[in-house]
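Worksheet: one structure, shown below.
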Amino acid sequence: MEHPKYKIALIVGAGEGLSASLARLLAAQGIRVALAARKIEKLGALCTEIGAKAYACNATEPEEVERLFGLVEREIGTPDLVVYNASGRTRGPFIDLVPADVAQAIAVSAYGGFLVAQQAAKRMLPNKHGAILFTGASASVKGYAQSAPFAMGKFALRGLAQSMARELSPQGIHVAHFVIDGGIRSAARTEPDDKPDSMLDPDAIAYSYWNVLQQPRSAWSWELELRPWVENF
């Protein structure tokens, strides 16, 4: 049974949490990694650690996204694995939400995912090979009070992933959406003493992404839900 092989990964919306864990895992598998974020200063240590290269990009701007892919192509190579990990949110009582803030949140969570995925697909389709992964959240499937913009953006991202999977999977592109149903552990955010194991380990999430990437095409998943074993759902 042959497993897909990937050579160059681009992670958009990179930071110190899940995307860093995923970058380390991919690099350990011999995959060259490019990282993109609006502010790349925070990525210096990670780039040094794994030999990655960082690129500044606002994923909601079509010209910047196109430029990003062009730079990665010229300096590293054409990505055959692209991960969209960016999110935007604004919280508050529904009647107090600022329309401009809501538009920006939806743009980061969903529109940016479309722009990145479109550039990725254009490059993958000629070879009928590649993977495009989207990071979702609990809000991808359930809208919480005082969090309407995040729910709108994540619902839209999930719809994008499902539509793309139906269109692109028969053409050799593995599209998958991950519902991260719970808080992700970090140095600044750990479980309360009375609730051990109540948060997701970012390294464990990354491992699940890798497992999906290794699926033979006769048994592809388009969506995977991940939550701590003690999480209610």
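The values are calculated or read from the model by the stated rules, or taken from the named source; none is laboratory data. Everything quoted here is computed from the prediction, not taken from an experiment. Note that we place each Cβ from the backbone using ideal geometry, even for glycine, and neighbour counts take in every protein chain shown. Protein only, heavy atoms only, side chains kept; ligands, DNA and RNA dropped before computing areas. Shrake-Rupley method; radii C 1.70, N 1.55, O 1.52, S 1.80 Å.
Among the protein heavy atoms of the chain, carbon and sulfur supply 52% of the accessible surface, probe 1.4 Å, non-protein parts ignored. In a reduced charge model with +1 at each Lys and Arg Cβ and -1 at each Asp and Glu Cβ, segment 99-233 shows a dipole moment near 720 debye about its Cα centre. Angle of helix 202-213 to the longest C-alpha principal axis of the chain, folded into 0 to 90 degrees and rounded to 10: 50°. Across the chain, C-alpha contacts under 8 Å between residues 6 or more apart give a mean separation that, scaled by the residue count, equals a relative contact order of 19 percent. Compared with the direct C-alpha span, the chain from Glu231 to Gln29 gains 69.6 nm at full extension, assuming 0.36 nm per residue. Cross-link partners for Lys5 among the aspartates and glutamates, with Cα-Cα distance under 12 Å and sequence neighbours closer than 8 places in the same chain left out: Asp80. Counting only alpha carbon atoms, the long axis of helix 148-168 and the longest principal axis of the chain meet at about 30°. Ala151 sits among other residues whose Cβ lies under 10 Å from its own Cβ, and their net charge, with Lys and Arg +1 and Asp and Glu -1, is +3. Strictly over 18 Å apart at the Cα level, which of Lys7/Lys53; Lys154/Lys195; Lys7/Lys128 would you flag in this model? Cα-Cα > 18 Å for Lys154/Lys195; rest within. Between Ser169 and Asp201, the simple spin-label model (points 7 angstrom out along Cα→Cβ) gives 3.0 nm. Per residue, segment 141-190 exposes 47 Å² of solvent-accessible protein surface, assessed with a 1.4 angstrom probe and all protein chains in place. In straight-distance terms, cross-link reach from Lys42 covers every one of the aspartates and glutamates whose alpha-carbon lies under 13 Å from its own, apart from those fewer than eight places away in the same chain; here that gives Glu16. With a Förster radius of 25 Å applied to the beta-carbon distance between Leu125 and Trp222, the computed FRET efficiency rounds to 0.90.
Once C-alpha pairs closer than 8 Å and six or more residues apart are averaged by separation and normalised to the residue number of segment 186-233, the relative contact order reads 44 percent.
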